[in-house]
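Below is one structure; the comments refer to it alone.
What follows draws every value from the coordinates through simple rules; no lab data is involved. Given the structure is predicted, the values throughout are model-derived calculations rather than measurements. Don't worry about glycine lacking a Cβ; one is built from the backbone with ideal geometry, like all the others, and counts go over all protein chains shown.
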Amino acid sequence: MTIAPDLPLRDPLTARPYVVSTIRQQTHDIVTLDVRPAEAPIAFAPGQFDMVYVYGVGEAAISISSDPATPELLSHTIRAIGWVTRALNDLQPGATIGIRGPYGRGWPLDDAEGRDLVIVAGGIGLAPVRPAIMAALAQRDRFNRIALLVGARSPRDLVFRDDLDRWATNPAIDVHVTVDSAVRGWGGRVGVVTKLIPRVPFDPDGATVLTCGPEAMMWHTADALVKRGVDPNHLYVTLERNMRCALGTCGHCQLGPVFVCRDGPVFAWPEVSGLLEEREL
Amino acid sequence: MAAPGVIAPSGLGSLIALLRDEGYRVVGPTVRDGVVVHDDLAGVDDLPVGWQDRQGPGTYRLERRDDEALFATAVGPHGPKRELFPPRQHLWEAVSDGDAVFHVVEPPAPDERIAFLGVRPCELAAIGVQDRVLLDGLAADRVYAAHREQVLLIAAECHQPAGTCFCASMGTGPGVVDNDGSVPVARADLAITELLEGEHRLLLRAGSEEGSRLLDAIDHRAATAEDHAARDASLAAATEQMGRHLDVEDVHDLLMGNLSHPRWDEVASRCLACTNCTMVCPTCFCTNVEDTTDLSGERASRDRRWDSCFTIEFSHAGPTSVRTSTRARYRQWLTHKLATWIDQFDTSGCVGCGRCITWCPVGIDLTEEVAAIRASDGRKSTS
C-alpha cells in the first residue's frame with residue numbers, strides 16, 4: 001500500500017512522508033530542519049516530540065522546535081551524535097524524511113497561568129522549549145513575567161541566535177544569556193546558567209519553571225531554584241532516553257516505573273528526581 | 001455452552017484433524033533435539049507422548065515415562081509469543097523514487113488462523129499480560145492484534161509441574177484460572193485435563209462458543225462426577241509438587257526499597273548478561289528496530305526484532321549507556337518483571353513458568369534472588 005494523503009495510516013509505527021524545505025546550520029554539529037508534510041499537517045503541543053526517519057538509516061526521537069501555531073511548517077533541531085542524527089545533519093533541501101508523532105506529554109503552560117513563567121535552557125535544550133516560548137508570547141496576557149535564561153558552553157554553541165537577538169529587544173520577555181567560556185568579541189555574560197538564577201527578577205513563590213538541558217545542568221538548576229524558594233511541584237524538566245516506538249511498548253526508555261516516551265518527556269521534578277538520583281536506573 | 005466431555009487420548013487426533021480441515025495451523029508441544037518445542041502438529045503422535053521433563057536451574061532433560069501421557073512435560077523454551085509476537089517482524093518499507101525522495105509501503109496485516117494446542121495455564125496468563133501491554137496501551141500493536149484476534153486457545157492443565165515451576169505462587173496455575181480480573185488471563189476456548197489414574201482419558205471443558213462447537217463436533221461421552229473429582233485431585237497434587245515458590249507478598253516495595261542491596265552485586269558476579277532469560281520469557285516485550293537497504297539501494301526495510309534489557313546498548317541518554325554494569329541490568333530486569341510492571345500495567349510481569357531459571361546457563365533462580373533480598377531487607381522500618 002502506498003501512503004497517499006487521503007489514505008489513513010493503519011500502523012502507528014509507520015512514518016508519514018515530509019519534505020525538507022530549509023536547513024539552518026545552528027552550530028558546527030547542530031542543524032534545524034524545516035519540513036512540510038506531504039499530507040495534512042498535524043497539531044502538536046509545545047514539548048512534544050516526533051520520531052524522525054531517514055531513508056535506510058533509521059529513526060530518532062527529536063523534539064519539535066517550531067511554533068505550534070504553524071504545524072504546516074515543522075522544525076526539528078538535531079545534533080549529530082548517532083547514525084540517524086548524523087544522516088539528518090547531511091540532508092539537502094527537497095529530501096523526503098519520515099515523521100510519526102507527535103508523542104508525549106508537553107510543557108504544562110496551563111500551570112503557569114497567572115504566574116511568572118521562567119524558562120531555563122542549556123545548549124540545544126533551547127530547542128524543546130522554543131515552542132513554549134512562542135506559545136507563551138502569543139498568549140502573553142495569561143502570564144505575569146516571562147524570563148528566559150540561556151546557557152551554552154561557548155558563543156558558538158548557542159542555537160537560535162536570531163530568536164535570542166529578537167527576544168532581547170522584546171519587552172514581553174526578559175532574556176538572559178551566558179556562556180561557560182567566552183571568545184574574543186563576546187560582550188555578554190560568562191558563567192554557568194545556574195549563576196543567573198539568583199539574579200533574574202521573578203517571584204519564586206509564584207513561578208512555574210521549565211528546564212531543558214543536560215541531566216547534570218537540570219540537577220544544578222533544580223537545586224538553585226529550590227534554594228531560591230521555587231516550589232519543586234512547579235518545576236518541570238524534560239528527559240532524554242533512546243526510543244524505538246514512542247508508544248510505551250519497546251521498553252527502551254524506561255526509568256523505573258516510567259516510560260519517558262509515554263509518561264513524559266516532560267515531568268514535574270518530584271516525579272523523577274528520586275529516580276534520577278538512583279544510579280544506572 | 002457444551003457440557004464438559006471426556007475423550008480417549010486418541011480422540012485428540014479427531015480434534016487436530018478437524019482444526020486442520022477448517023484451515024487452522026495447529027501448533028503445540030513436540031519433541032525435537034531432546035527438548036519440547038512448539039511446532040506444527042499433524043496428529044496426536046506429534047505430541048510428547050510418554051515423555052516427562054526434568055528441569056532445574058540451568059538444566060533440562062527429557063526422560064521416558066512408563067505410560068503414554070500426552071501432557072506430562074511442562075513448558076519448554078518456546079511459548080505462544082513466538083507466533084503471536086514473532087522474534088522478527090517486518091514493519092514497513094521505504095521505496096526510493098530517486099533524488100532522496102521515497103514513499104512508504106506497508107505489508108498486509110498477518111492473516112493466519114493458529115490453534116494452539118496444549119497451552120499451559122501459565123501461558124494463558126502470559127498472553128493476558130501481553131494483551132495489556134500490546135493491545136491496551138496508547139495504540140494496539142498491529143502484528144500482535146492481527147494474530148491474537150484469530151487465535152484459538154486449547155489449554156492443557158498441568159498434572160506434572162517441573163522443578164522450576166512456581167505458577168501456584170503467581171496464581172496462574174496449575175489449573176486454568178478463571179479470569180476474575182485479579183490477574184489478566186487469556187480465555188481458553190477449550191481446556192484439557194489429562195487424567196492418568198484409572199483409565200487414561202482427557203476431560204474437555206469449553207470456555208467459549210468456538211470451544212463449545214469443537215467439543216460438540218468430536219465424539220465424546222459426558223463427564224461424570226468421578227471425572228471432575230479426578231481433575232480436582234490431579235490439580236491438588238500438581239500444586240503440592242510445584243518445584244519452586246516465590247513469596248510475592250509486598251514484592252513491589254521489597255524490591256524498589258532495596259535498589260542498593262548487596263545482593264545485586266552478588267548476582268551480577270554470576271550473571272553473564274547473555275539475554276537467555278529475556279528470550280525465553282513469555283511476557284518480555286522489548287523490541288529493537290533494524291533498518292536494512294537492498295543492494296540496489298532502492299528499498300529500505302524496517303524490521304522489528306526482540307531485544308533485551310541485558311545488552312549494554314539497550315538504554316542510553318544521548319550517546320551514553322544508562323546501565324553499564326551487569327548489576328544495573330539484572331536489577332532492571334528483575335525489578336521490572338516483579339515490581340515496576342505493576343506500576344505500568346497493573347499486573348505482575350511474571351507468570352511463574354520458570355523458563356528463566358531453566359534456561360539460564362549459570363542457573364540463576366529469581367525465586368532465590370528475591371528470597372535473599374527478603375532475608376536481609378535493607379529498608380528502614382516503615383511502621
**Prompt:** Over all directions, what mean area does the Cα convex hull of segment B:62-109 project, stated in square nanometres?
**Reply:** 6.0
**Message:** At 20 angstrom or more along the helix axis (alpha-carbon based) and mean Kyte-Doolittle of -1.0 or higher, what helices does chain B contain? Whole DSSP H runs only.
**Reply:** B:225-241
**Request:** Under 1.5 on a/c is rounded, so check that first for chain B, then, if it is not, pick prolate when a/b is larger than b/c and oblate when it is not; a ≥ b ≥ c are the square roots of the alpha carbon gyration tensor eigenvalues.
**Result:** oblate
**Asked** When Lys and Arg each count +1 and Asp and Glu each count -1, what net charge do the other residues less than 10 Å away from B:ILE7, Cβ to Cβ, add up to?
**Response** +1
**Complete:** Full extension between B:GLU290 and B:ALA42 adds, at 0.36 nm per residue less the Cα distance, a length in nm of 85.8 nm
**Request:** Express the Stokes-Einstein translational diffusion coefficient of segment A:170-281 in µm² s⁻¹, to the nearest whole number, given a Kirkwood radius over alpha-carbon pairs, 20 °C and a viscosity of 1.002 mPa s.
**Result:** 135
**Asked** Which value does Rg/Rh take for chain A over its C-alpha atoms, Rh per Kirkwood?
**Response** 0.96
**Prompt:** List the aspartates and glutamates whose alpha-carbon lies under 12 Å from that of A:LYS227, not counting same-chain residues fewer than 8 positions away?
**Reply:** A:ASP205
**Message:** Suppose a student asked you for the relative contact order of chain B, using Cα pairs under 8 Å spaced at least 6 residues apart; what percent would you report?
**Reply:** 21
**Relative contact order (%) - chain A, alpha-carbon pairs under 8 angstrom, separation at least six** = 17
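Can you work out D for segment A:89-163 in µm² s⁻¹ from Stokes-Einstein, where Rh is the Kirkwood radius over C-alpha pairs, the temperature is 4 °C and the viscosity is 1.567 mPa s?
Stokes-Einstein gives a translational diffusion coefficient of 89 µm²/s.
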**Prompt:** So, in Å, what gap is there between the alpha-carbon centers of segment B:1-59 and segment B:206-224?
**Reply:** 17
**Prompt:** Per the helix-only calculation at 222 nm, which mean residue ellipticity applies to chain B, given -39500 (n - 2.57) for every DSSP H run of n ≥ 4 and division by its residues, nearest 500 deg cm²/dmol?
**Reply:** -8000 deg cm²/dmol
**Asked** Taking only the alpha-carbon positions of segment A:109-238 and ignoring solvent, what does the Debye formula give for the base-10 log of I(q)/I(0) at q = 0.18, 0.19, 0.21 Å⁻¹?
**Response** -0.93, -1.04, -1.29
**Cα-based equivalent ellipsoid, the protein assembly as shown: semi-axes from gyration tensor eigenvalues, Å** = 53, 29, 20
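Out of segment B:134-241, which GluC sites (Glu not before Pro) are coil in DSSP terms and have no more than 14 other C-beta atoms within 10 Å?
Filter output for segment B:134-241: B:GLU197, B:GLU199.
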**Three-way shape label, segment B:134-244, alpha-carbon gyration tensor, a/c 1.5** = oblate
**Item:** Environment charge of B:GLU209, counting only residues whose C-beta is closer than 14 Å and scoring Lys/Arg +1, Asp/Glu -1
**Value:** 0
**Item:** Rg/Rg_globular for segment B:13-113, with Rg_globular taken as 2.2 N^0.38 Å and Rg from C-alpha atoms
**Value:** 1.57
**Item:** Distance from segment A:18-87 to segment A:115-146 (C-alpha centre basis), Å
**Value:** 20
**Complete:** extent check for segment B:235-312: Cα max minus min per principal axis, descending, whole Å, gives 60, 39, 23
**Request:** Classify segment A:142-204 as rounded, prolate or oblate, taking a ≥ b ≥ c as the square roots of the eigenvalues of its Cα gyration tensor: rounded when a/c is under 1.5, otherwise prolate if a/b is larger than b/c and oblate if not.
**Result:** oblate
**Asked** B:GLU93: net charge of surrounding residues, Cβ under 9 Å, Lys/Arg +1, Asp/Glu -1, itself excluded?
**Response** +1
**Item:** Orientation-averaged projected area, Cα convex hull of segment A:16-103 (nm²)
**Value:** 4.9
